[in-house]
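Scroll down for the structure; my scribbles are underneath it.
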Amino acid sequence: MAELVIDIDDEILEEVNKVCQDKGISIDDSINIFLKEIADDGKLPDEILGNLFYCDKNIEYLERKYREYKKGKLKLINHK
């Protein structure tokens, strides 16, 4: 089995530890479950992908594209 070393914010680790303890599993087990789901599905879980849509980087991109659209500089393509 491979070993993974990651840095985690102390507050996040504390909250994750509480959730895992409430469910009766270890953090290691929860991470393995998460990674197995990604491997089985070939993608990140939809709950995570949905949250990524609203990340700052994507919001900035969408706002920039909207400004380009309003100025007539954005070419829209109809995908039928």
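Every read-out reported here was derived from the displayed coordinates using simple, explicitly stated rules and does not represent laboratory data. This is a predicted model, so every value here is computed, not measured. So basically every Cβ, Gly included, is an ideal-geometry build from the backbone, and we count neighbours across all protein chains shown.
A few notes on this one:
- Residue count for region 44-80 under the criterion of being under 15 Å from the mean Cα position of the chain (by Cα), exposed (fewer than 11 other Cβ atoms within 10 Å of the Cβ) and part of a loop (DSSP other than H, G, I, E, B): the result is 2.
- Residue list for region 20-33, filter: loosely packed, with under 12 Cβ neighbours inside 10 Å and part of a helix (DSSP H, G or I): 21, 22, 23, 28, 33
- Region 6-32 residues that are of a type outside the set (Val, Ile, Thr), paired with ones that are surrounded by 11 or more Cβ atoms within 10 Å (Cβ to Cβ) and not in a helix (DSSP H, G or I) (beta carbon under 8 Å, 6 or more apart): 20/26
- Hits in region 34-43 (condition: of a type in the set (A, V, I, L, M, F, W, C) and surrounded by 11 or more Cβ atoms within 10 Å (Cβ to Cβ)): 34, 35, 38
- Positions within region 22-43 being more than 13 Å from the chain's Cα centre (by Cα) and either among the small types (Gly, Ala, Ser) or farther than 23 Å from residue 1 by Cβ (or both), in sequence order: 22, 24, 26, 30, 39, 42
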